[in-house]
Amino acid sequence: MSFMLRRTLASLAGPSSTASTSIPSIASTLPQAVRRRRLENPPHPASSPSPLSDPSLRTPTGKTPKRLPPQLEAEFQALRAQGQFKGDETSGRRAFLNGQVSWRNRVRGVKASKTKHLREASASGLASEVETPEELVEAEAEAELEDGEVVVTDGEVIGQRIYLPNIQIRLMRNHTPPGDAYDPNVATFRIPQSMTKTDLRGYLSAVYDLPVTFIRTDNYIAPLARQPGGGQVRRKAGSVKTYKRAVVGLSEPFHYPDDIDELYAQGRAMGLGDALGKQREEWLEDNFMVERMKTYRKSALMKFYKGYRWRSKTHDNEGNIMREIMRKRGEKEEALREAAESLSKRV
């Protein structure tokens, strides 16, 4: 199996992790430094590893034994001491977390409320107040003062007109260690090194309307190698070139269309047999003609190599190869026997 297939495909197909929560995906994609720190200094057993995406803390299901991280808990208690988030602490924590999520998922380039905890800035409400580019230019021209300042009202776009960048964002297959189940709540991208997590989240939200639960990035640096000819030391290019990987958490599970083995495993785990896998194969055949393309490619190759014959007498099949090996071995043994007889005659 090639190196690319070993990297992208799981060695053991099995039912994926549950799609009801993203906590297993968050735990499995933690950086090694964070895992080491949590092993040395374990958190409280009731603390949530990801409170902003934990449904038990954000949904009104009553009291929960889980706690907030110390930093968020200290901020919440400070705001509560100032008179905000009145009432019981459970509903106050829920409102506090919803405000945090709304603030972090706000639309960049729009002037929202100054107090992030008192008023939640929803993307839909701000999008309805955004003006067209022509109206925006006229409003900015009318609002310019003598000293060059611009008067901006709440909810108005304060950024400048930009164009789509010429960058490449590639969707890759998730790396699944041997023996582990495929995680459908995670997607892997290769992005430019200058792109940040905020840029990727905004790109996925604006272009594909894809909500993101978490993003982890890491840089892969190409090894140094001496160039042939000139002797200059540079980073390697090609398949081992420097790139930046982004692991994105998804709120809904995602499978590649041709991931048939995973669907067969899921169907058996759910008691449906091979129904899911066969249904996906029929859909692929109807939309992409996979088997027809294989048949056409095979017939085209047979037509291309029509009249071609393998003319070699020693390497056309396994029998000829073994006979050639035995012939060379016999010649070597005969030469050794003659050399031994000549030495014995001299003695």
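Is the range 245-254 home to any residue that is among the basic types (Lys, Arg) and assigned by TED's automatic domain parsing to the domain that holds residue 184? Yes - at least one qualifying residue is present in the range 245-254. The condition of being touching a strand residue (DSSP E or B) at 6+ places or on another chain (Cβ under 6 Å), surrounded by fewer than 12 Cβ atoms within 10 Å (Cβ to Cβ) and closer than 21 Å to residue 258 by Cα holds for only one of 170, 226, 190, that being 170.
Can you tell me which residue among 203, 220, 256 is among the hydroxyl-bearing types (Ser, Thr, Tyr) and crowded, with 17+ Cβ neighbours inside 10 Å? Of the residues listed, the single one that is among the hydroxyl-bearing types (Ser, Thr, Tyr) and crowded, with 17+ Cβ neighbours inside 10 Å is 203.
Against the conditions (1) without any contact (Cβ under 8 Å) to a residue 24 or more places away in the chain; (2) among the charged types (D, E, K, R); (3) farther than 21 Å from residue 181 by Cβ, residue 280 satisfies every one except (3). Counting only residues that are touching a helix residue (DSSP H, G or I) at 6+ places or on another chain (Cβ under 8 Å) and farther than 19 Å from residue 47 by Cα, the range 65-83 holds 2 of them. Residue 69: in contact with a strand residue (DSSP E or B) (Cβ under 7 Å, 6 or more places away or on another chain), of a type outside the set (Gly, Ala, Ser), touching a residue at least 12 places away in the same chain (Cβ under 8 Å) and closer than 21 Å to residue 216 by Cα, yes or no? Taking the combined requirement at face value, the residue satisfies it.
The values are calculated or read from the model by the stated rules, or taken from the named source; none is laboratory data. From a predicted model like this one, the values you see are computed outputs, not experimental measurements. Here the Cβ is made from the backbone with ideal geometry for all residues, glycine too, and neighbour counts use every protein chain on show.
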